[in-house]
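Student: This is the structure I have questions about; it appears just below.
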Amino acid sequence: MRALGVEQLRLLGFAGVSERTLRRLVDDCRRFGVAGCIVGRWVRRRGPRPSMTEQLREAIWAVRQETLHRSRVSMKTRERMIHQYVRERFGQDVAVPSYETLRTVWAEWFGPGGARQRYARSAARVQATGEHVVVHRPGQVVALDTTVLPVKVRETVFGEPVSVHLTLALDVYTHSPVAFRLTPVSDTSVDVAMLLRDVMMPLPLRPEWGEDMESPYPGVPAAVVAEFAGHRVAGLPFFTPETITTDHGAVYKNHHLVEVQRVIGANILQARVLRPTDKQAVERAFGGIPSLLSEFLLGYQGVDVADRGADPAADATLTIGAMEQLLATWVVQIWQNRRLGEHAPCWDPTGDHSPNTLFAAAMAQGGFALQIPAPELYYELLPAHHVAIHGRRGVKIRGLWYDGPALDAYREQRSAKGGRYAGRWVIRRDPRDARIVFFQDPNTHDWHQLRWTGLPPQDEVPSFSDARVSELLAAARHRGLRPRSDAELLLGALTDGPDGRRWAAHFIRAEAHCSPGLVAAIAPHIARYRSRPPGTRRTVSPKHPASARLHQLPRPRRPAPGLPGPPVGILPLSPRRHPRRHA
């Protein structure tokens, strides 16, 4: 082989053949003669099967359409149905091939048939476009998905091991994780909106990061980027996405996210049903993160329950914040400089490229628009509420009252806005923090914070989400409370019942920052809570906090003065039959 030379080997087709392949060809030649040296890749593809006539093709497609809407049947049943169709429609003269031939043809045309029947029907309804999307610049397509991080971490309040969800936005062209978020529960539309904002914002260079992790964009010095952004920028691409590919989760289909894509000027497109290749880049990234990072961390759970360790929860040492810091460092320092194997660009499939070098090549070819969104984008991406401004109490958002000096000039006035919400004022809120909402002055266009009127006047309390607000209002209704203000509503919920113990557990981390009245109200519950063993501190299920109250009889409300009370001898409605009334 060496005596023939490279050119002769290329003409013979042996230029890229390894020594192992040559030894196999020699062994096959000894066993089968000259025919053993035939390589299937070098011969032409076979033609159509002679036995597949037009009548038989029609019969196979007819049986396919018939069995697609039935329950799943075996290939032997399909063969009998094909025989029956041919005999009834074309007579006895049309020959039908053997079972093995029909099974092979069915697998070639419709696949092996291992999918569930309802999934096969959904996939059959999707018409193939026959077009291949070619991504040729950063930001053209960004794949977004969420998965459970396979590492147990410690939550911030009590240090208990929990699982967190990793939401990742991956640029399909450079394979750069341009943004990610860790959430203790599944992501919401606000988390997705803030993630898209992170895609458009430069990542600040953290103090413990070295100069090798700073912005490496060619043609644009790092000092220029830092001056434009207002801080030193890490080596992670940022841009305005054009198309965002997601799955069919409910979080990507609500009205809030439709408004978000209008604000940022992007198109959020759901992947086709049963077509995982539409966002295979982010799926492959989720498969690579465990082998490249997660397996080296304490608390790794494995990919399956059978492969899990004895007690991964006890091995967990990292907090959520430490895990976010570690993941950000690994992305900027390791992933962005790691060589891409099978994801090399089409114009240089054999070259050594990393996400950073692909972004640099794209900048050299088409340039780069150095655009950083304004800080006001944060408020524009929050959910909007259209409400009226009360003269004394301010604005009411989801059962709570908010007020501030910014509303003084517009109390009891109608907004100049028309359309569906004519005369109403727009209030933005973050569902993850119900302590404050945001109001934009229509004259100065400045944003102002409106505090919840139930908060202490000077001290702060920890943030609480809409779920806590729903629990608070449900607890007040359950005990028949009619507070005159939101401050009495909060103190009434904290002073009695199992809800007081739950809220004490929620406020325990900020006991030193609460007002004296609030500390005095929750002090008994904090003392009882801390005296319990760690395994028995939770009083209700964290996923269903209202489930413990479904089987308790509601306390009768006190009748208003001058009104008769309920008739004697009549029991209240059973909470089992009417759970919504007593939830």
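The values are calculated or read from the model by the stated rules, or taken from the named source; none is laboratory data. Only a predicted model underlies this, so the values are computations on that prediction, with no experimental measurement involved. Here Cβ is always computed from backbone atoms with ideal geometry, including for glycine, and neighbour counts include all displayed protein chains. For accessibility, only protein heavy atoms count, side chains too; no ligands or nucleic acids. Shrake-Rupley method; radii C 1.70, N 1.55, O 1.52, S 1.80 Å.
Student: Within segment 163-175, is even one residue open to solvent by less than 50 Å² (accessible area, probe 1.4 Å), charged (D, E, K, R), in contact (Cβ under 8 Å) with a residue 12 or more places away in the chain and within 20 Å of residue 332 (Cβ to Cβ)?
Tutor: Applying the first criterion (open to solvent by less than 50 Å² (accessible area, probe 1.4 Å)) to segment 163-175 yields 163-175.
Pick out the ones that are also charged (D, E, K, R) and you get 171.
Filter again for in contact (Cβ under 8 Å) with a residue 12 or more places away in the chain, leaving 171.
Subset that is within 20 Å of residue 332 (Cβ to Cβ): 171.
The answer is yes, given that some residue of segment 163-175 is open to solvent by less than 50 Å² (accessible area, probe 1.4 Å), charged (D, E, K, R), in contact (Cβ under 8 Å) with a residue 12 or more places away in the chain and within 20 Å of residue 332 (Cβ to Cβ).
Student: Let me ask something additional. Filter segment 40-85 down to residues that are touching a Ser or Thr at 6+ places or on another chain (Cβ under 8 Å) and modelled with pLDDT under 90 and give me whichever is least open to solvent (accessible area, probe 1.4 Å).
Tutor: 51
Student: Only one of (1) farther than 20 Å from residue 179 by Cα; (2) out of contact with any Leu (no Cβ under 9 Å at 6 or more places or on another chain); (3) assigned to a helix (DSSP H, G or I) is not met by residue 302, so which one is it?
Tutor: (3)
Student: Give me a count of the residues in segment 86-111 that are within 22 Å of residue 124 (Cβ to Cβ) and open to solvent by less than 60 Å² (accessible area, probe 1.4 Å). Explain how you work it out, then say what you get.
Tutor: Of the residues in segment 86-111, the ones within 22 Å of residue 124 (Cβ to Cβ) are 102-111.
So of that shortlist, the ones also open to solvent by less than 60 Å² (accessible area, probe 1.4 Å) come out as 102, 104-107, 110-111.
Going through segment 86-111 one residue at a time, the tally reaches 7.
Conditions tested, residue by residue: (1) among the small types (Gly, Ala, Ser); (2) open to solvent by less than 40 Å² (accessible area, probe 1.4 Å); (3) at negative phi.
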{"site": "279", "(1), (2), (3)": "no, yes, yes"}
{"site": "284", "(1), (2), (3)": "no, no, yes"}
{"site": "289", "(1), (2), (3)": "no, yes, yes"}
{"site": "292", "(1), (2), (3)": "no, no, yes"}
{"site": "298", "(1), (2), (3)": "no, no, yes"}
{"site": "307", "(1), (2), (3)": "no, no, yes"}
{"site": "313", "(1), (2), (3)": "yes, yes, yes"}
{"site": "318", "(1), (2), (3)": "no, no, yes"}
{"site": "325", "(1), (2), (3)": "no, no, yes"}
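Student: Give segment 444-462 a look and list any residue that's at pLDDT 70 or above and open to solvent by 40 Å² or more (accessible area, probe 1.4 Å), or say none.
Tutor: Start the filter on segment 444-462 by keeping residues that are at pLDDT 70 or above, which leaves 444-456.
Answer for segment 444-462, where residues must be at pLDDT 70 or above and open to solvent by 40 Å² or more (accessible area, probe 1.4 Å): 444, 445, 446, 447, 448, 449, 451, 453.
Student: Can you work out which of the residues in segment 175-233 that are part of a strand (DSSP E or B) and hydrophobic (A, V, I, L, M, F, W, C) is farthest from residue 321 (Cα to Cα)?
Tutor: Once the filter is applied, the top-ranked residue is 233.
Student: When residues of segment 1-57 are filtered for being within 30 Å of residue 87 (Cα to Cα) and free of Cβ contacts under 8 Å to residues at least 12 places away in the same chain, how many remain? Quick ask: steps written out before the conclusion?
Tutor: Taking segment 1-57 and keeping what is within 30 Å of residue 87 (Cα to Cα), we get 46-57.
Cutting the leftovers down to free of Cβ contacts under 8 Å to residues at least 12 places away in the same chain gives us 46-48, 50, 54, 57.
Residues meeting the conditions: 6.
Student: A follow-up question, please. Would it be correct to say that residue 295 is within 26 Å of residue 203 (Cβ to Cβ), free of Cβ contacts under 8 Å to residues at least 12 places away in the same chain and not in a loop (DSSP other than H, G, I, E, B)? Reasoning before the result, please.
Tutor: On the way: within 26 Å of residue 203 (Cβ to Cβ): yes; free of Cβ contacts under 8 Å to residues at least 12 places away in the same chain: yes; not in a loop (DSSP other than H, G, I, E, B): yes.
The answer is yes for residue 295.
Student: Among the residues of segment 327-342, what is the count of those that are among the hydrophobic types (A, V, I, L, M, F, W, C) and surrounded by fewer than 17 Cβ atoms within 10 Å (Cβ to Cβ)? Give the derivation first.
Tutor: To start, the set of residues in segment 327-342 that are among the hydrophobic types (A, V, I, L, M, F, W, C) comprises 327-328, 330-332, 334-335, 340.
If we keep only those that are surrounded by fewer than 17 Cβ atoms within 10 Å (Cβ to Cβ) as well, we get 330, 334, 340.
Matching residues across segment 327-342 total 3.
Student: Out of all the residues in segment 186-200, is one or more open to solvent by 20 Å² or more (accessible area, probe 1.4 Å) and among the hydrophobic types (A, V, I, L, M, F, W, C)?
Tutor: No, that holds for no residue.
Student: Looking for something of a type in the set (D, E, K, R), touching a Gly at 6+ places or on another chain (Cβ under 8 Å) and open to solvent by 80 Å² or more (accessible area, probe 1.4 Å) - is there at least one such residue anywhere in segment 343-355?
Tutor: Of all residues in segment 343-355, those of a type in the set (D, E, K, R) come to 348, 352.
From what is left, the residues that are touching a Gly at 6+ places or on another chain (Cβ under 8 Å) are none.
No, segment 343-355 contains no residue that is of a type in the set (D, E, K, R), touching a Gly at 6+ places or on another chain (Cβ under 8 Å) and open to solvent by 80 Å² or more (accessible area, probe 1.4 Å).
Student: Here's something else I'd like to know. For segment 95-115, check the following and say yes or no: at least one residue is among the charged types (D, E, K, R) and assigned to a loop (DSSP other than H, G, I, E, B).
Tutor: no
Student: Let me ask something else about it. If we keep just the residues of segment 353-412 that are in contact (Cβ under 8 Å) with a residue 40 or more places away in the chain and hydroxyl-bearing (Ser, Thr, Tyr), which is nearest to residue 241 (Cα to Cα)?
Tutor: This residue is 378.
Student: If residue 231 meets every condition in (1) surrounded by fewer than 21 Cβ atoms within 10 Å (Cβ to Cβ); (2) within 17 Å of residue 368 (Cα to Cα); (3) in contact (Cβ under 8 Å) with a residue 24 or more places away in the chain apart from one, which number is that one?
Tutor: The failed condition is (2).
Student: Does residue 257 satisfy being within 19 Å of residue 148 (Cβ to Cβ) and not in a strand (DSSP E or B)? Please lay out each step first, then the result.
Tutor: Values: within 19 Å of residue 148 (Cβ to Cβ): no; not in a strand (DSSP E or B): yes.
Considered against the rule, which asks whether it is within 19 Å of residue 148 (Cβ to Cβ) and not in a strand (DSSP E or B), residue 257 comes out as no.
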